Ligand code: GLN
């Protein structure tokens, strides 16, 4: 199917509250990589009280514990709808604080546990130290095996059941600094600690997510027309293995 006749719907969940360290750059990347191919993008910012279903791809960024509290309450109200969306193979990408809320719960320091929406079989507890710095991950499902980004979190995330990591840590701490894994995936739900923002520096992952969202919408694998990614790849390669 020619890219020019395609459409994709993208929802940005609670950007007024969870949008730390340039996470909105992920939305810009997804929109531009579709538009450059002639794929029509129907985009909506979802704020507190808005309807949250019927999209091909959902994105949520990171934030401090305080903003997470407000979003957690709102997400939890929509847990059933978003679970149905997951089970229809909609694509989800959650970064850091948003990632934590895709799990069962996030237990901050000396505060009430924040209930997550269990899209991922994972849970997070606040750790004693903050993990800050560049991260390189080795994946086994992307055409370019590395993912690069920047982490800044105290949360320690543990995966269970059929939820698998995005990959192994080459540099940095990742999910919890112990098991040497970073991120999570279950069906088309992806979570990661990689800010940066993530997708401009990892165009292969952006295209992978766009491809999954189109497959969910049209019921078949669709080949994306190639883009000239020389600058994105130069940037990506310059960060591999960097820890500062
Ligand atoms: N408040 C969470 C933590 O510190 C998430 C932080 C973030 O989104 N960068 O782990």
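Residue 17 meets the conditions (1) modelled with pLDDT of 95 or more; (2) in contact with a strand residue (DSSP E or B) (Cβ under 9 Å, 6 or more places away or on another chain); (3) within 16 Å of the ligand (Cβ to nearest atom); (4) farther than 25 Å from residue 1 by Cβ in every case but one. The failed one is (2). Checking 212, 224, 234 one by one, the residue that is within 19 Å of residue 145 (Cα to Cα), part of a loop (DSSP other than H, G, I, E, B) and over 13 Å from the mean Cα position of the chain (by Cα) is 224 and no other.
Against the conditions (1) touching a helix residue (DSSP H, G or I) at 6+ places or on another chain (Cβ under 7 Å); (2) at negative phi, residue 102 satisfies every one except (1). What residue, among those in segment 162-193 that are farther than 20 Å from residue 107 by Cα and part of a loop (DSSP other than H, G, I, E, B), is nearest to the ligand (Cβ to nearest atom)? Once the filter is applied, the top-ranked residue is 172.
Within segment 148-161, restricting attention to residues that are within 16 Å of the ligand (Cβ to nearest atom) and touching a helix residue (DSSP H, G or I) at 6+ places or on another chain (Cβ under 6 Å), the residue that is nearest to residue 109 (Cα to Cα) is 155. Select from segment 194-205 the residues that are part of a helix (DSSP H, G or I) and buried (at least 23 other Cβ atoms within 10 Å of the Cβ) and list them in ascending order. Hits for segment 194-205 are 198, 199, 201, 205.
Residues that are assigned to a loop (DSSP other than H, G, I, E, B) and crowded, with 16+ Cβ neighbours inside 10 Å were ranked within segment 36-62; the one that is nearest to the chain's Cα centre (by Cα) is 61.
One line per residue, one yes/no per condition, for (1) out of contact with any strand residue (DSSP E or B) (no Cβ under 6 Å at 6 or more places or on another chain); (2) modelled with pLDDT of 95 or more; (3) more than 16 Å from the ligand (Cβ to nearest atom):
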{"site": "3", "(1), (2), (3)": "yes, no, yes"}
{"site": "11", "(1), (2), (3)": "no, yes, yes"}
{"site": "37", "(1), (2), (3)": "yes, yes, yes"}
{"site": "52", "(1), (2), (3)": "no, no, yes"}
{"site": "75", "(1), (2), (3)": "yes, yes, no"}
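In segment 104-125, what count of residues is obtained for those that are crowded, with 24+ Cβ neighbours inside 10 Å and within 12 Å of the ligand (Cβ to nearest atom)? Within segment 104-125, residues that are crowded, with 24+ Cβ neighbours inside 10 Å and within 12 Å of the ligand (Cβ to nearest atom) number 2.
Could you list, in sequence order, the residues of segment 20-35 that are without any contact (Cβ under 8 Å) to a residue 40 or more places away in the chain and either assigned to a loop (DSSP other than H, G, I, E, B) or touching a strand residue (DSSP E or B) at 6+ places or on another chain (Cβ under 7 Å) (or both)? Write out each step before concluding.
Filtering segment 20-35 down to residues without any contact (Cβ under 8 Å) to a residue 40 or more places away in the chain leaves 27, 31-32, 35.
If the condition is that a residue be without any contact (Cβ under 8 Å) to a residue 40 or more places away in the chain and either assigned to a loop (DSSP other than H, G, I, E, B) or touching a strand residue (DSSP E or B) at 6+ places or on another chain (Cβ under 7 Å) (or both), then 27, 31, 35 are the ones that fit.
The values are calculated or read from the model by the stated rules, or taken from the named source; none is laboratory data. Since this is a predicted model, take the numbers as computed values, not measurements. Methodologically, a virtual Cβ is constructed for each residue, glycine included, from the backbone with ideal geometry; neighbour enumeration extends over all protein chains shown.
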